[in-house]
Structures are given as structure tokens and as C-alpha cells.
Amino acid sequence: MSDAGASPLIEAVIRAKTYRRPDGAEMEAVRGITLAIARGEFVCLIGPSGCGKTTTLRILAGLDRAFEGEVTPDPATLSIGVAFQEPRLLPWRTVEENIRLVLPKARRSMDLAPLIARFGLSVHAARYPGELSLGLARRVSLARAMALEPDLLVLDEPFVSLDAQAAADLRRYVALAADGGTSVLMVTHNVREALELADRVVLLAPRPTHVVEEVCLALPRAMRDGPWIEAERAALAARFPLLREG
Ligand code: ADP
Ligand code: MG
């Protein structure tokens with residue numbers, strides 16, 4: 001459900017991003033990316049390992065300001081929920097407390113039961129992170145990111161290191177978050193999961209990265225099935241040899 005034509009929710013123009021290596025040499029990670037996300041749009045960034053996906057995501061989310069270019073509006077003026085690969089839950093707090101802690105003071109005492117139920121976490125609400133599988137911990141981290149009712153949800157390879165069932169479960173909850181109208185920017189190196197979820201897939205080149213191609217997927221998420229995903233993947237792989245491994 002994208003809002004094409006209207007002004008984007010957020011737009012990043014990254015002319016260049018360089019890191020300084022320990023030996024002092026400069027290393028160029030990004031060279032020329034323009035990435036706009038419409039309200040309600042689900043955008044996936046796909047690219048090879050080390051190409052600059054996380055770098056791009058951190059810049060767009062306002063977590064890294066040391067680059068050449070600009071993000072409009074300033075990400076600090078938007079509500080952005082971020083779920084990292086590492087769930088980053090406080091081990092001495094329950095699932096519910098971990099979610100509650102991100103709420104602004106005025107909303108600290110709000111009833112979290114509906115959100116917790118929506119993410120299938122009711123039976124885990126009183127458990128501690130150490131008792132959870134990685135898949136469940138990521139789901140808590142996703143629910144926590146959604147507790148702020150963000151304008152934009154940012155996910156960095158959320159399904160990595162999960163078994164097939166846990167990954168499929170979590171994909172369902174990410175789709176649920178997006179179906180509620182939240183814009184999503186998700187980084188992945190897995191073409192199939194991008195094709196399952198995204199409204200638009202942005203293919204990135206190896207480092208220093210730039211946009212190779214943008215592919216809009218018109219078929220509604222709920223109508224996509226295995227054969228459709230496989231056909232789209234094969235068509236993309238035929239055009240972009242970089243994607244053949246996926
Ligand atoms: P991706 O997420 O696509 O795997 P990253 O954006 O994490 O790639 O990294 C892009 C490149 O920048 C890689 O070569 C990585 O080693 C390097 N890099 C990332 N973060 C830093 C950093 N803080 N300092 C130096 N180099 C970095
Ligand atoms: Mg990364």
C-alpha cells in the first residue's frame with residue numbers, strides 16, 4: 001500500500017560515506033544513493049554482504065550523521081522503530097517490562113496486552129529473555145519497536161540465523177506490522193524474503209554501494225505464494241547475476 005506521487009515520508013541522499021580503517025586509510029562504503037520511502041510503503045534493500053546495507057540503514061534512521069548528503073526530514077523529527085539483528089533485550093527484565101521501557105513516561109502505564117497479544121507473546125509476557133529462543137527474542141524486539149507506533153520501522157536482516165519455521169513465523173509478524181500502515185525499510189541479502197514482503201526492492205551494488213535497480217512489486221503481499229516468489233526470483237536472477245546465489 002504505497003502512496004506514490006505524494007511527498008515521501010523520508011528521503012536519504014547519500015553522496016558518499018567513508019569509514020577510516022585502523023591503519024588510517026579511508027574506505028568508501030557508499031557512493032551515491034538516493035532512497036525515498038513513501039508513507040505505508042515496504043522497501044527492501046538487497047545487496048551482497050559488506051556492500052553498505054547497514055551503513056545506509058543507519059544513516060536513514062539518523063543513527064549515523066557522519067556522511068556527505070542529507071536526510072529529509074531530519075530523522076529525529078519522525079518516530080522510527082528499529083529492530084536490530086541482535087535483539088538487545090535487558091536480561092533482568094521480563095518481556096513485558098522490556099517493551100514498556102521504551103515508552104515515553106506519559107505512556108509508561110498503558111495497557112500493553114493488546115500489542116503483546118497481536119505479536120503472539122501473551123504466554124511469554126512474564127518470561128525473561130534468557131528463556132526465549134532467538135526467534136522469540138526477535139519477535140519481542142519487533143513488538144518493542146512497534147510499541148512506539150512508529151512512522152517507520154527499520155529492520156536489519158531480521159531473519160538471519162533463524163530456522164525455517166522461526167523465520168516464517170517472524171515474517172508473518174513483520175507483514176502484520178506493515179499491514180497496519182507502518183512504513184518499513186528492511187535490509188536483507190535474501191531475495192525470496194524481500195519478494196515475499198516488499199512493495200519495492202532496491203538492489204545495491206558491491207561496495208562502494210549504489211543503487212543498481214529498483215523493482216516495484218504490484219501484487220498485494222497477501223496474494224503472493226511460493227510459485228510467484230520463485231518466478232520473480234528467477235526473472236531477477238536472469239537480469240542480475242549478483243543475485244544468483246540467493
Ligand atoms: P552490509 O550491512 O551490507 O553487510 P555494512 O554497511 O555493515 O555492510 O559495511 C559496509 C562496509 O563498511 C564493510 O566493508 C564494513 O567492513 C565497513 N564498515 C562498517 N562499519 C564500519 C565501521 N564502523 N568502521 C569501519 N568500517 C566499517
Ligand atoms: Mg549489515
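The values are calculated or read from the model by the stated rules, or taken from the named source; none is laboratory data. Note that the structure is a prediction, hence the values are computed from the model and not measured. Note: ideal-geometry Cβ built from the backbone for every residue, glycine included; neighbour counts use all protein chains shown. Quick note on the areas: whole protein, heavy atoms, side chains included, nothing else; ligands and nucleic acids left out. Shrake-Rupley method; radii C 1.70, N 1.55, O 1.52, S 1.80 Å.
Identify all residues within the stretch 173-197 that are among the charged types (D, E, K, R), closer than 18 Å to Pro227 by Cα and surrounded by fewer than 21 Cβ atoms within 10 Å (Cβ to Cβ); write none if there are none. Quick ask: steps written out before the conclusion?
First pass over the stretch 173-197, keeping only residues among the charged types (D, E, K, R): 179, 192-193, 196.
Right, trim to closer than 18 Å to Pro227 by Cα and you get 192-193, 196.
Within the stretch 173-197, just Arg192 meets the criteria.
Counting residues in the stretch 121-140 that are under 27 Å from Leu219 (Cα atoms) and either crowded, with 18+ Cβ neighbours inside 10 Å or modelled with pLDDT under 95 (or both) gives one or more. Has the stretch 162-172 got any residue that is part of a helix (DSSP H, G or I), closer than 25 Å to Ile59 by Cα and not aliphatic (A, V, I, L, M)? Within the stretch 162-172, one or more residues are part of a helix (DSSP H, G or I), closer than 25 Å to Ile59 by Cα and not aliphatic (A, V, I, L, M). Among the residues of the stretch 27-46, is there at least one that is part of a loop (DSSP other than H, G, I, E, B), more than 16 Å from ligand 2 (Cβ to nearest atom) and hydrophobic (A, V, I, L, M, F, W, C)? Looking for residues that are part of a loop (DSSP other than H, G, I, E, B), more than 16 Å from ligand 2 (Cβ to nearest atom) and hydrophobic (A, V, I, L, M, F, W, C), one finds at least one in the stretch 27-46, hence yes.
Number of residues in the stretch 60-82 that are closer than 18 Å to Met27 by Cβ and more than 13 Å from ligand 2 (Cβ to nearest atom): the value is 4. Only residues that are within 15 Å of ligand 1 (Cβ to nearest atom), modelled with pLDDT of 95 or more and surrounded by fewer than 23 Cβ atoms within 10 Å (Cβ to Cβ) were counted across the stretch 13-25, and they come to 3.
When the stretch 55-106 is filtered for residues that are within 17 Å of the chain's Cα centre (by Cα) and open to solvent by 60 Å² or more (accessible area, probe 1.4 Å), the ones remaining, listed by number, are Arg58, Leu63, Gln85, Glu86, Arg88. Can you confirm whether Pro48 is touching a helix residue (DSSP H, G or I) at 6+ places or on another chain (Cβ under 7 Å) and within 15 Å of ligand 1 (Cβ to nearest atom)? Criteria met by Pro48.
Filter the stretch 106-159 down to the residues that are over 30 Å from Ala76 (Cβ atoms) and part of a helix (DSSP H, G or I) and list them by number.
Applying the first criterion (over 30 Å from Ala76 (Cβ atoms)) to the stretch 106-159 yields 113, 117, 120, 122-128, 130-136.
Residues satisfying the conditions are Ala113, Ala117, Ser122, Val123, His124, Gly130, Glu131, Leu134, Gly135, Leu136.
Taking Glu86 as the residue in question, decide whether it is of a type in the set (Asp, Glu) and free of Cβ contacts under 8 Å to residues at least 12 places away in the same chain.
Working: of a type in the set (Asp, Glu): yes; free of Cβ contacts under 8 Å to residues at least 12 places away in the same chain: yes.
Criteria met by Glu86.
Please specify each residue of the stretch 198-216 satisfying the condition of being assigned to a loop (DSSP other than H, G, I, E, B) and open to solvent by 10 Å² or more (accessible area, probe 1.4 Å). Asp199, Pro206, Arg207, Pro208, His210, listed by residue number.
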